[in-house]
Amino acid sequence: MTGPEAIPSAGASAGSVSVVIVVEETPPDAAALTSWGEALAALFNDTEFVLIANGVPSGVALALEALTGNLPDITVHFLAERIDHDTAYLVGLDTAVGDWVLLTELRTDRLRALRDVIARLAEGYQVAIAVGDESREHSPIYSVLARLYFRLYRLSTGRAVLVPPAALRLYARAVALYIAGSSEGEMLIKAGSIAGGFPAVVLRYPGLAADPPRWRGLRGSIAKGVHELLSASALPLRMASLVALATGVLSLLYSLYVVGVYMLKPDVLQGWTTLSLQISGMMFLFSLLFALMAEYVLGIYRGISPRRRYVIVRELRSRRQRQPDRLNVVDGSGVFRLGMPVENTP
Amino acid sequence: MSRPHPPDVDAVVIGAGFFGCHIALELRRLGMERVILADREAGILRRASYVNQARVHNGYHYPRSLGTASRSRRNFPRFCAEHSFAITGGFESIYAIARHSLVGASQFAAFCASIDAPCRESPAHLRRLFDSDLVDTAFIVNEVAFDAAALADDLLARLSAAGVELRLSTAGRIEAADPAGADLSLNGSPLRAGWAFNCTYAALDDVGVRLACPLKKELAEIALILPSPVFAGIGVTIMDGPFFSTMPFPARKCHSLSHVRYTPHAAWIDPNEAATSTHSRVTKMLRDGARYMPPLTRARPLGSLYDVKAVLLSTERDDARPILFESSAVSRRVISVLGAKIDNIYDLLDVLAHHDWS
């Protein structure tokens, strides 16, 4: 390098981007990281790759360490144990600091869609999602169950899950933080719209393949489904509260019935009225208490900000950055200049 | 067609702010014989170089713009060493991360580690300054403030020693330009210069140069306060979304207070627009600030400084605050410079040192 020179930055106004990639059994391809890094460098001022090593085996950990030694702008967060794939994405959203956060797998056929998606950001969208026209291949039973579940989810939360699933998800920083801090974050990253106030656009690209299906096993799928439904909606607790209230009302009615029988029927067994009134009275009190407690629990639940529990046991960073000698000087077109190497500066 | 007459001077720099003064000095160092530095004010460093938070950046301010952060971090030690006479250290600089901030506490700590900037969680007695419902974590960082008056005194002496002709109370304008130089007027008197530098900051698009890079201007208020004794020796910055800052302001021996919502009074893009008169918002700044730092209620307002701030429209949405170095489309010998942070001056000097002056 002989002195300051211009470096390309077509999207000077686009700010910085963090690309979140979840790594499990296979480390990301170095060539793909390089080509995506170059493509993103032309579209954003700064790029970082946030790799969430989700309870990876030793071989993958070593490969990731080698990647940070060879490639720029990579941060690897090693999670102590394997967590759900979607939750691992949320760890990435939680740790990424770019103005934009991109969730995707690094496939070269997605780069064209990426450029198009970024071009749409100029219209003011805070969420831009690219989907293809093909659903993932699951067994017919799983597909039917999934469809039913998503319908139930939409009924209870009012939020629709994207089908086919997203191939590229680009969130503005405020959106990424909202998702990371939401108790239903795992489902929000599957949805086309996130929340009021975040303009979103879903762009469809024929032939754009979704990520391959991830089979959690029947037990895992059911557990995740129940967990998501319970954490996304207060409906189950509200239902329990209503059932308790209904039980209380029925107990009260039954008490009146018992009194009526005692007053109108001549052959009532001795002790029946006392016992029945005692039982129905207790039921009424317990139901009322349960309904009140359920409402208080609901209030407490809504007042607590959700915190996901995960442990990052180790963190690695690339030894070099893509633009280490970039001066903080731009020309009229927003192109940054490179400076002299450190050892040559006075 | 008549040929333009040879230049009267090698270069004219319009605008004697921190960047304008350093450019004039650098041009002399590069061998230009006659360099004129003109400013419409009666002294140097009277406007944006003075009316700001007086913060010497060490990168902490830019967790979402690693480029700007790493340059600030790299320039910080050099700036402090070369301007030690104007540096006010010896105070605890605290960056407090608000809940629902655009950058979380763990993210801020990770970011500091990534640019190798020292940062540690604040001790309990400082933590008590903040409302724990609104502030997540507070970090003690290594940041200092500068005394603009001391910088001005130093630069005045250096300009004189370097032989830069300083013309104060002189309004400069670039009337025309051609490949060989620029025709200017200084207080109406014509002058031809081999090179013309437009360093007028908020007047960058108002001295006869058409900019390719549009500017957004804001009428900004920096309040000056006498904080309660608990803030003695403390500078606080609350990040990021809700954002305000109270820092020592050495030039007036008090604290400055700026607030993301109340510091900008008006904003405009059209160069022909101008700020309208306005009332101080220091009460609002103090009231909102006191939500996060209750002891701020006991601060006493001393007055406010107002000036027009300029930012590049292209970087308004992100955190980056680069220096603009733009050659005019009419002549490459007319260069507009919009400085951002004074500690980034070395990046500009690097560009000047390797510029094609032929």
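The values are calculated or read from the model by the stated rules, or taken from the named source; none is laboratory data. This one's a predicted model, so the numbers in the text were calculated from it and none came from an experiment. Glycine gets a Cβ as well: all are built from the backbone with ideal geometry, and neighbour counts include every protein chain shown. Just the protein is used for accessible areas: all its heavy atoms, side chains included, with ligands, DNA and RNA removed. Shrake-Rupley method; radii C 1.70, N 1.55, O 1.52, S 1.80 Å.
Between A:ARG147 and B:GLU33, the modelled label-to-label distance comes to 8.8 nm, taking each label 7 Å out from Cα in the direction of the beta carbon. Against chain A, whose longest principal axis comes from its Cα atoms, helix A:85-95 is set at around 60 degrees.
Placing a label point 7 Å from the Cα of A:SER139 along the Cα-to-Cβ direction, the residues of region A:193-226 with a backbone N closer than 11 Å are A:217-219. Give me the net charge of A:LEU237's neighbourhood, meaning all other residues with Cβ under 11 Å from the Cβ of A:LEU237; Lys, Arg count +1, Asp, Glu -1. That works out to +1. Working note: Debye formula, equal point scatterers on the alpha-carbon atoms of region B:1-47, no solvent; log10 I(q)/I(0) at q = 0.22, 0.29 Å⁻¹ is -0.74, -1.01.
Over region A:235-303, what is the relative contact order in percent, taking alpha-carbon pairs closer than 8 angstrom and at least six residues apart? Answer for region A:235-303 is 53 percent.
Close amide H pairs (under 5 Å, H built 1.01 Å from N) link B:SER122 with B:ALA138, B:PHE139, B:ILE140, residues at least 5 positions away or on another chain. Cys residues of chain B that find no other Cys beta carbon under 4.7 Å: B:CYS21, B:CYS80, B:CYS199, B:CYS213, B:CYS254. For the segment B:60-68, counting C-beta atoms of other chains within 10 Å of every residue's C-beta and taking the mean gives 5. The HN-Hα couplings worked out from phi for region B:217-225 by the Karplus form 6.51 cos²θ - 1.76 cosθ + 1.60 (θ = phi - 60°) are 10, 9, 7, 10, 10, 9, 7, 10, 9 Hz, whole numbers, x standing for Gly and Pro.
Here the label points at A:VAL163 and A:LEU242, each 7 Å from Cα along the C-beta direction, are separated by 2.5 nm in the simple model. Note on B:HIS354: accessible area is roughly 70 Å² with a 1.4 Å probe, heavy atoms of protein only. Model label points for B:ASP356 and B:GLU82, set 7 angstrom from Cα along the Cα-to-Cβ axis, are 2.6 nm apart.
Short-range pairs are left out: with C-alpha atoms under 8 Å and at least six residues apart, the relative contact order of chain A is 23 percent. Among A:LYS265, A:LYS190, A:LYS224, the residue with the largest mean-square fluctuation in a Gaussian network model of chain A, with springs joining Cα atoms closer than 10 Å, is A:LYS265.
Against the compact-protein benchmark of 2.2 N^0.38 Å, the Cα-based radius of gyration of region A:147-232 scales to 1.13.
From the P(r) of region A:42-199, can you give the percent of Cα pairs sitting at distances over 20 Å? When all Cα pairs of region A:42-199 are counted, 57 percent exceed 20 Å. Annotation: Cα Rg of chain A relative to the compact-globule expectation 2.2 N^0.38 Å equals 1.38. In chain A, the longest principal axis of the Cα atoms and the axis of helix A:235-264 are about 0 degrees apart. With contributions of -39500 (n - 2.57) from each DSSP H run of at least four residues, the per-residue ellipticity at 222 nm computed over the protein assembly as shown stands at -10500 deg cm²/dmol.
Annotation: amide H-H contacts under 5 Å for A:TRP100 (H modelled 1.01 Å from N, sequence separation of 5 or more, or interchain): A:SER16, A:VAL17, A:SER18.
Taking amide H as placed 1.01 Å from N in the peptide plane, B:HIS57 has its amide H under 5 Å from the amide H of B:ASP343, each at least 5 places away in sequence or on another chain. Of the residues B:GLY181, B:GLY163, B:GLY17, the one that moves most in a GNM of chain B with alpha-carbon contacts below 10 Å is B:GLY163. The mean count of C-beta atoms from other chains within 10 Å of the C-beta of residues in B:346-355, rounded to a whole number, is 6. Expressed as a fraction of 2.2 N^0.38 Å, the value expected for a compact globular protein of N residues, the C-alpha radius of gyration of the protein assembly as shown is 1.19. Name the shape class, rounded, prolate or oblate, that the alpha-carbon gyration tensor gives for region A:235-303, where a ≥ b ≥ c are the square roots of its eigenvalues, rounded holds for a/c under 1.5, and otherwise prolate holds if a/b is larger than b/c and oblate otherwise. Note, shape of region A:235-303 comes out prolate. Helix A:272-303 and the longest principal axis of the C-alpha atoms of chain A enclose an angle of approximately 20°.
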